[in-house]
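K.L.:
After the structure tokens below, expect a handful of questions from me.
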Amino acid sequence: MRMSPTALPERSTLRRLLRLLRPHRRTVIAAIVSVIVSMVATLALPALIGRIIDEGIRHHRRDLIWPLSLTALGLVAVRGITNFFRRNLSGAMSVRIEADLRARLFAHLQGLPVSFHDRWQSGQLLARATSDLNAIRMFLGFALVFLTLLSSYAIAVAIALLVLDPWLALLALCLTIPFFVTAMRFNRRMEDVWARSREAVGEVTTVIEESAGGIRILKAFGREQHSVRRLSAAAAELRDVNLEGVGYRALYIPALYLFPNLLVGVVFGVGGFRVIGGALTIGALVAFNQYLGYVVYPLRYVGWILSQAQQAVAAGDRVFEILDTQPTIADLPGATALATVEGEIAFDHVSFTYPSSTLPALHDVDLTIAPGETVALVGASGSGKSTLASLVPRFFDPGEGRVLVDGHDVRHVTLSSLRSQIGVVFDEPVLFSATVHENIAFGFPDAAVEAVTRAARAAGAHDFVLALPQGYETMVGEHGFSLSGGQRQRLALARALLAEPRILVLDDPLSSVDVRTEAEIEANLRALLAGHTALLIAHRASTVAMADRVVLIEDGRVTATGRHADLLLTNPAYRRVLAAELVLEELAEVETT
Ligand SMILES: Nc1ncnc2c1ncn2[C@@H]1O[C@H](COP(=O)(O)OP(=O)(O)OP(=O)(O)O)[C@@H](O)[C@H]1O
Ligand SMILES: [Mg+2]
């Protein structure tokens, strides 16, 4: 997910991740204090047990055993309580950091220009963000704490062991090296298995999703067998990878459990001689063994924790990359609110090239639309109609030239004041998982029922909405009632009309509506357009005929303007575009009847 060539190197990603802790300074300090208290209690425990053995048991000092044992119990209690606090503090803090980061990311994504979202599929983006944020939370709330804890323990314990018996300490520490290496190797193997297993799961899911989503195509083209084969291949791969994992676990886990026990044998074997030789007391030997346990067991997890840290850094890289992408479409400093407009739109020698492309999509477009005028944009697919229309609500800024609304450069007014005066409908209408009413009132959640109904009537949606199971309260969208393409377009149209904007930008608003419905909507639309400045992208001659003026666009250039009837008579290119549409239209009719 590279976006900018100036991506920060890993080290500073780690630093930035740590910087996320800064607003939680107090929690961090409280957590560190509990760690220190817990550590002191933990480290005091073996020493205390050593004293119980050496001073209490060996010298039959009953009066000492009781108080020392009770102190040991007290230390255990302190350890338990501080661990509880530490876990609570670091866990809650990491959850908060994750939530903050998610909110920041989402808000940032909203502010990014349309061109950013064109490049990244939003589903993919959010899925990634979710797993990335999770990795960061695990790192900050768990891996980081573990590593800090373990390294401080390792140092303290190493000192304690060396003080108790330097020779035995060196021997034991040398012996932990093969254990550590084995644990690291096991972890590497398992990481590899997990990565491949995740990939296989992804493949299985994709095949299933595609088969479910594209079931009609699969059946129509007789490719069911193919996807069954693809699925069995993916499932077999998944099984093999998981079996490999089972093999590794069966081999390594018992070995890793065995090792600390072997070490106990060595410590007591060699240590026993040291005790008899007088170099060590029994109590010190027992304490020694216990100290060793504090570092040996956690060593197993170092590899795993380090890979968690690596994942968190990679995740942080991606998250920061998005956060570092500056919105190019934003209010300029000193932008003023656009007052209620008359509705004149002017394209002043506008050229535009998509960031991902080298060919201009628009070339020196010069066009003025008078207040109240309806202009239809006509052109072949890919000629640049949608691009031109997107410049008005400032989804993009032109590379050259200016877009003016009532004489104001759209770059010099605030986005909210501009967009609130423009009703927009795209050719792929989006419905949210909400009721019909909420979908229409999307921009104005407080809109009165009458206003919503009025907009729905104007968009030709009212009748079919009433026929839905719960009328305006029917849930639609991804998790609701399925609507046809034409019905969705009419709801989108109603949504754009609700605010009664002065300017309408309608990108093929009737493309999925059948000819009869179109006629119905057109009757409404004609009345509606009369009160607005409208940029209407349309393919059908009947829709185009509603416009006061038609602009023909070919390869990003305006090649003709005029009345529909005149252009039909005089312009062969215009006739060709409309005729091509007509043929497609008739084909569609034949297919559906
Ligand atoms: N997001 C994008 N990134 C890069 N190029 C794009 C993008 N969107 C459109 N284009 C290109 O710009 C040109 C104009 O596209 P545009 O969508 O404006 O055409 P259109 O006239 O609306 O076509 P249609 O009638 O099919 O909707 C095309 O060559 C297209 O490939
Ligand atoms: Mg288009």
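K.L.:
For region 257-305, treating each Cα as an identical point scatterer without solvent, what Debye log10 I(q)/I(0) comes out at q = 0.29 1/Å?
P.N.:
Computed log10 I(q)/I(0) values: -1.05.
K.L.:
Under unit Cβ charges (Lys, Arg +1; Asp, Glu -1), what dipole magnitude, rounded to 20 debye, does the chain have relative to its Cα centre?
P.N.:
3680 debye
K.L.:
For a Förster distance of 30 Å, can you work out the FRET efficiency between the beta-carbons of A195 and I36, rounded to the nearest 0.05?
P.N.:
With R0 = 30 Å, the Cβ-Cβ based efficiency is 0.20.
K.L.:
Rounded, prolate or oblate: which one fits region 128-261, using the alpha carbon gyration tensor with axes a ≥ b ≥ c (rounded when a/c is under 1.5, else prolate when a/b beats b/c, else oblate)?
P.N.:
oblate
K.L.:
Find how many whole Å separate the alpha carbon centroid of region 39-92 from the alpha carbon centroid of region 296-340.
P.N.:
43 Å
K.L.:
Between I65 and R15, what FRET efficiency follows from the Cβ-Cβ distance if R0 is 45 Å, with the result rounded to 0.05?
P.N.:
Calculated transfer efficiency: 0.30.
K.L.:
Here's another thing I want to ask about it. Write down the Å³ per residue value for the convex hull defined by the alpha carbon atoms of the chain.
P.N.:
215 Å³
K.L.:
Leaving out ligands, DNA and RNA, and with a 1.4 Å probe, what % of the accessible surface on the chain is carbon or sulfur?
P.N.:
Carbon-and-sulfur percentage of accessible area, whole number: 61.
K.L.:
Roughly what % antiparallel, to the nearest 5, for the DSSP beta bridges in the chain?
P.N.:
Around 50 percent antiparallel, to the nearest 5.
K.L.:
Multiply the residue separation of S416 and F481 by 0.36 nm, subtract the distance between their alpha-carbon atoms, and state the gained length in nm to one decimal.
P.N.:
Gain in length upon complete extension: 20.2 nm.
K.L.:
Points 7 angstrom from Cα along the Cβ direction at E55 and L359: gap in nanometres?
P.N.:
9.0 nm
K.L.:
Still on this structure, please answer the following. Using the alpha-carbon centroid of each, what span in Å lies between region 445-494 and region 229-268?
P.N.:
Each part reduced to its Cα centre gives a spacing of 57 Å.
K.L.:
As I understand it, the dipole of the chain uses +1 on the Cβ of Lys and Arg and -1 on the Cβ of Asp and Glu, about the Cα centre. Which of L506, L415, A534 lies farthest toward its positive end?
P.N.:
L415
K.L.:
Moving on. Averaging sequence separations of C-alpha pairs under 8 Å and six or more residues apart, then dividing by the length of region 431-500, give the relative contact order as a whole percent.
P.N.:
50 percent
K.L.:
When the distances between all Cα atoms of region 431-500 are binned every 10 Å from zero, what whole-number percent does each bin get?
P.N.:
Pair shares across the bins are 25, 63, 12.
K.L.:
Whole number please: convex hull volume per residue, Cα atoms of region 323-451, in Å³.
P.N.:
For region 323-451, the hull spanned by Cα atoms encloses 171 Å³ per residue.
K.L.:
With contacts defined as alpha carbon pairs under 8 Å and 6 or more residues apart, what's the relative contact order of the chain in percent?
P.N.:
14 percent
K.L.:
What Kirkwood radius, in Å to one decimal, follows from the Cα pairs of region 142-197?
P.N.:
13.3 Å
K.L.:
Another one. Quick one: putting +1 on the C-beta of Lys and Arg, -1 on the C-beta of Asp and Glu, what dipole do you get for region 455-500 around its Cα centre, in Debye to the nearest 20?
P.N.:
120 debye
K.L.:
Now a separate question. Which residue, M475, V452, V378, has the largest displacement toward the positive end of the dipole of the chain when charges sit on each Cβ (Lys, Arg +1; Asp, Glu -1)?
P.N.:
The listed residue farthest towards the positive side: M475.
K.L.:
Putting +1 on Lys and Arg Cβ atoms and -1 on Asp and Glu Cβ atoms, find which of G343, L292, G316 reaches farthest to the positive end of the dipole of region 291-361.
P.N.:
Of the listed residues, the answer is L292.
K.L.:
Here is a further query. Might you report the magnitude of the Cβ-based charge dipole of region 345-498 about its Cα centre, with Lys and Arg at +1 and Asp and Glu at -1, to the nearest 20 debye?
P.N.:
Dipole magnitude for region 345-498 comes out near 200 debye.
The values are calculated or read from the model by the stated rules, or taken from the named source; none is laboratory data. The model shown is predicted, which means the values in this text are computed figures rather than measured ones. FYI the Cβ positions are ideal-geometry reconstructions off the backbone, even for glycines, and counts take in every protein chain you see. Ligands, DNA and RNA are stripped out before the accessible areas are found, and what is left, the full protein with its side chains, is counted by its heavy atoms. Shrake-Rupley method; radii C 1.70, N 1.55, O 1.52, S 1.80 Å.
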